[in-house]
1. Only four residue types carry charge here, +1 at the Cβ of Lys and Arg and -1 at the Cβ of Asp and Glu. Report the dipole size of the chain about the Cα centre in Debye, rounded to the nearest 20.
2. Using 7 Å Cα-to-Cβ label points, what is the Ser75/Glu4 separation (nm, one decimal)?
3. Bin width 10 Å, origin at 0, all Cα-Cα pairs of the chain: what percent of pairs per bin?
4. Of all DSSP beta bridges located in the chain, what percent are antiparallel, nearest 5?
5. Need the C-alpha centroid separation for segment 25-85 versus segment 122-153, integer Å.
6. Suppose every K and R has +1 on its Cβ and every D and E has -1 on its Cβ; what is the size of the dipole of segment 1-90 about the Cα centre, in Debye to the nearest 20?
7. Can you bin segment 114-154 into rounded, prolate or oblate? Criterion: square roots of the alpha carbon gyration tensor eigenvalues sorted a ≥ b ≥ c, rounded for a/c under 1.5, prolate for a/b above b/c, oblate for the rest.
8. What's the ranking of 4-16, 40-52 by average number of surrounding C-beta atoms within 10 Å, highest first?
Amino acid sequence: MTHETRRLLLLRHAKAEPAGAVTDQMRPLALRGRKQARSVADLLIEHNIVPDRVLVSAAVRTKQTWELLAGGLDSEPTTVSFHEELYVAGVQDVLQLVAEQDSRTILVVGHEPTMSAVAEQLAGEGSDSDAYNQVRLGVGTATLCVMESDLPFAQWTARSVALTHVLRPEDDA
């Protein structure tokens, strides 16, 4: 049996409108966030990373992030699904959801502090030290953490995966 590299892409949603008249889960993207989301598609294309499965939090800002990002991709992923539990998910919740997937490259569009916490927990041997230091501090909006391993997702445990990149749209540094 040949080993196939699996990638987990952890994306914090793009910049949302401030809290106000709507509930947190209903907050839409700000204009800056809309631009960020479109720029994330460029990052994926530039790094030749195409997700075949996408798991999106059911919050408005994560759905909008995905929709704008998807519009900039050359091809659609095989499967896109929306998950209420990702809105309040902890690290173990995300890892369990990912472990249930039969895919090569999964993109999770979620929230902080969970996205950086998942990356920090998984990051082990072969991880980029600058990327690791970034996730330890948390990540900004529209930040993408790229994790890689030859292990099936169900076998990903603490310190078992390489955190190869932390990417942000250039105009948003």
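Every number here is computed from the coordinates shown, using simple stated rules; none is lab data. Keep in mind the model is a prediction, meaning the values are calculated, not measured. Don't worry about glycine lacking a Cβ; one is built from the backbone with ideal geometry, like all the others, and counts go over all protein chains shown.
1. Around 440 debye, computed over the chain.
2. Placing both labels 7 Å along Cα→Cβ, they lie 1.3 nm apart.
3. So the P(r) values, bin by bin, are 11, 43, 37, 9, 1, 0.
4. Counting only bridges with both partners in the chain, antiparallel ones make up about 45 percent.
5. Value for the Cα centre distance between the two parts: 19 Å.
6. Charge dipole of segment 1-90: 360 debye, to the nearest 20.
7. Since a/c reaches 1.5 and a/b is larger than b/c, the shape of segment 114-154 is classed as prolate.
8. 4-16, 40-52
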